[in-house]
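Below is one structure, written out as structure tokens, with a few remarks after it.
The values are calculated or read from the model by the stated rules, or taken from the named source; none is laboratory data. Nothing here was measured: the structure is a model prediction, and the numbers come from that model. Here the Cβ is made from the backbone with ideal geometry for all residues, glycine too, and neighbour counts use every protein chain on show. Surface areas here come from the heavy atoms of the whole protein model, side chains and all, with no ligands, DNA or RNA. Shrake-Rupley method; radii C 1.70, N 1.55, O 1.52, S 1.80 Å.
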Amino acid sequence: MDLAAAFLRTAEDDLRAARVCLAARSAPAAAFFAQQAGEKAAKGWLLAHGYRAGRTHYTTPMLVRALALEGGGSTAALRDAVNALHDLEEYAAGARYPSHGARPGTYEPPAARIDAAEAAAALRQARFVVDAFERAARRGG
């Protein structure tokens, strides 16, 4: 298996992990794994197209440049997947670390900000992203 295919397969593993975390009522962990699934699918597509994926959680800028270079070959679904991935990127760190609360000097854990409904929406979004990049990688688009 090549590296691009390994990234795409690992994206599926992360989707499964997100579902397990959601079922275990760990919404922040589910949102994080949803983001990871989208990121890995995007990196798989980038690698399949000869781009370096880099060590970053924020793949949207690379994808935007790659799609521009690919020109007319990018589909609307792939552009929509990039937009959806951009929305998921907030969970790369936001689902794992405390953030500033409403009052100065206060902090709140991820569980105070990310509930089950939000995590479930992130999981649906990640499924869309992974599917779009897997389809595009298979057909060379």
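Taking the Cα centre of the chain as reference, the dipole from Cβ charges on Lys and Arg (+1) and Asp and Glu (-1) amounts to some 160 debye. Ligands, DNA and RNA excluded, the heavy atoms of E89 present near 10 Å² of accessible surface to a 1.4 Å solvent probe.
Diffusion coefficient of the chain by Stokes-Einstein, Kirkwood radius over Cα pairs, 25 °C, 0.890 mPa s: 161 µm²/s. Taking the C-alpha atoms only, the angle from helix 116-139 to the longest principal axis of the chain is near 10 degrees. Rolled with a 1.4 Å probe across the full set of protein chains, the surface gives R113 an accessible area near 70 Å². Which part of the range 16-60 falls in the paramagnetic zone of L3, meaning amide N under 14 Å from the point 7 Å along Cα-to-beta-carbon? Label zone hits: 43-56.
Potential lengthening of the chain between A24 and R65 amounts to 11.0 nm, from the contour at 0.36 nm per residue minus the alpha-carbon distance.
Based on protein heavy atoms only, the chain ends up with 53 Å² per residue of surface accessible to a 1.4 Å probe.
Toward the positive end of the charge dipole of the chain, with +1 on the Cβ of Lys and Arg and -1 on the Cβ of Asp and Glu, the farthest Cα among A48, A136, V64 is that of A48. Taking all protein chains together and a 1.4 Å probe, the residues Y58, Y91 rank Y58, Y91 from largest to smallest accessible area.
The 1.4 Å probe gives accessible areas that order V20, V82, largest first, as V20, V82.
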